[in-house]
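*Asks:* Next up is a structure, given as structure tokens.
The values are calculated or read from the model by the stated rules, or taken from the named source; none is laboratory data. Note that the structure is predicted; figures quoted are calculated from it, not measured. Quick reminder, even Gly has a Cβ in these numbers, built from the backbone with ideal geometry, and neighbours come from all protein chains shown. For accessibility, only protein heavy atoms count, side chains too; no ligands or nucleic acids. Shrake-Rupley method; radii C 1.70, N 1.55, O 1.52, S 1.80 Å.
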Amino acid sequence: MNSARLRMSLVALALLLSALSAFAQTYPSRPVRVIVPFPAGGGVDAAGRILAQRLGESLGTPFLIENRGGANGNIGTEAAAKSPNDGGTLLFTGAGFVTNPSLYRSVPYDPVRDFEPVSLMALGPNVLVVHPSLPVKSVRELIALAKTQPGRIGFAGSGSGSTPHLAGELFNAMAGVQMVHIPYRGSGPAMIGLLAGDAPVMFLPAINAGGHVAAGRLRAIAVTSRERLQAMADLPTVSEAGLPGYESSQWYGLLAPAGTQSEVLDLLNSQVANIMRSSDMKIRMTNDGLVPIGGSREQFAAHIKGEIEKWAKVVSASGARVD
């Protein structure tokens, strides 16, 4: 390449970088669509709406939730993956994003190749609860009872491949027991079966457990997070209560289509981090049984990679399938 062509190439590159920088400085210049790949009213939707409202307030432009449910999140996730990578469309999702590739024969997206991680918003641990009729008050007692009754103790799940289902399968594998998954059509029917004692065990989202435990309708024996929850400080983790190394949580995170400018991704990441560090958000998350995160893009990418590998092994060992 001669010197004249080299200078022209450098000038063109400088102009491109300047344009990209100017775009990032004015972002967002129009309302941002945030796809939630689940129906309205669920945990992912609720968390997404909280974050979208706060992002809109901090950046001065509406962040609008669009619910695109179906196929356990696959339909909305595909729509986000195929959207323009100009920052105008984002994806707010949860654990199904990394478990679906193992549960389905094929999914219409690649969780690593097709998306740019923006920020892990929060973790949503489960609470290991049992119906009062089940004669156990600790993780060790549950494991001991399950070993004497292989295939006879049922645990409720909100569908095959759901977070409560896979949390139970991970427990089975690590404890060497054979509790049986009883799938229900959603979290509501699963709760009915649990409260009736038809499925006397469940890895229940912490946000749904507190009232039933306080009323004596369920007995909480441990939380599934790595550390104890502030909202349930007296309750041990499954790991410290008899199953070392066990950890299972729902999670909520924000992603963008692959190729989205790093300046836009960095801006969004810093905004989420600021939101999650705010005192009112910390209080709100803690009261709901959630663990605020808001870490770096690199940390979220590592989390996604680790979750894909972890749950692929659990799905393979359990034989769980959705299609």
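*Asks:* Of the residues that make up the range 129-136, is at least one hydroxyl-bearing (S, T, Y), open to solvent by 10 Å² or more (accessible area, probe 1.4 Å) and in contact (Cβ under 8 Å) with a residue 60 or more places away in the chain?
*Replies:* Yes, the range 129-136 contains a residue that is hydroxyl-bearing (S, T, Y), open to solvent by 10 Å² or more (accessible area, probe 1.4 Å) and in contact (Cβ under 8 Å) with a residue 60 or more places away in the chain.
*Asks:* Tally the residues that are open to solvent by less than 30 Å² (accessible area, probe 1.4 Å) and either without any contact (Cβ under 8 Å) to a residue 24 or more places away in the chain or under 19 Å from A206 (Cα atoms) (or both), restricting the search to the range 164-190.
*Replies:* Going through the range 164-190 one residue at a time, the tally reaches 9.
*Asks:* Can you say whether A80 is surrounded by 18 or more Cβ atoms within 10 Å (Cβ to Cβ), out of contact with any Pro (no Cβ under 6 Å at 6 or more places or on another chain) and touching a residue at least 60 places away in the same chain (Cβ under 8 Å), as far as the supplied structure shows?
*Replies:* yes
*Asks:* Any residue at all in the range 196-215 that is in contact with a Gly (Cβ under 8 Å, 6 or more places away or on another chain) and under 30 Å from L267 (Cβ atoms)?
*Replies:* Yes; the residues of the range 196-215 include at least one that is in contact with a Gly (Cβ under 8 Å, 6 or more places away or on another chain) and under 30 Å from L267 (Cβ atoms).
*Asks:* Does S316 fit the bill of being closer than 27 Å to E169 by Cβ, open to solvent by 20 Å² or more (accessible area, probe 1.4 Å) and of a type outside the set (K, R)?
*Replies:* yes
*Asks:* While we're on this one: Could you list all residues from the range 198-209 that are open to solvent by 30 Å² or more (accessible area, probe 1.4 Å) and outside any helix (DSSP H, G or I)?
*Replies:* D198, P205, listed by residue number.
*Asks:* Could you tell me which residue of the range 269-306 is nearest to the chain's Cα centre (by Cα), considering only residues that are open to solvent by less than 20 Å² (accessible area, probe 1.4 Å) and under 30 Å from S160 (Cα atoms)?
*Replies:* The qualifying residue nearest to the chain's Cα centre (by Cα) is I304.
*Asks:* Moving on to the next point. For the range 216-267, which positions are part of a helix (DSSP H, G or I) and either open to solvent by less than 30 Å² (accessible area, probe 1.4 Å) or among the basic types (K, R) (or both)?
*Replies:* Scanning the range 216-267 gives V264, L265.
*Asks:* Read through the list (1) crowded, with 19+ Cβ neighbours inside 10 Å; (2) modelled with pLDDT under 85, then give the number of the only condition that V34 fails.
*Replies:* (2)
*Asks:* Among the residues of the range 127-157, which ones are under 27 Å from the mean Cα position of the chain (by Cα) and not aliphatic (A, V, I, L, M)?
*Replies:* Of everything in the range 127-157, those that are under 27 Å from the mean Cα position of the chain (by Cα) and not aliphatic (A, V, I, L, M) turn out to be H131, S138, G154, F155, G157.
*Asks:* While we're here: Could you give me the residue pairs with C-beta distances under 6 Å whose first residue belongs to the range 192-208 and is more than 16 Å from K137 (Cα to Cα), whose second residue is among the acidic types (D, E) and part of a strand (DSSP E or B) wherever it lies, and which are 6+ apart or on separate chains?
*Replies:* none
*Asks:* Go through the range 161-197 residue by residue and tally those that are not hydrophobic (A, V, I, L, M, F, W, C) and not in a loop (DSSP other than H, G, I, E, B).
*Replies:* Residues that pass the stated criteria total 12.
*Asks:* For the range 123-176, which residues satisfy the criterion of being more than 30 Å from G294 (Cβ to Cβ) and of a type in the set (S, T, N, Q)?
*Replies:* S133, S138, T148, Q149, S160, N172
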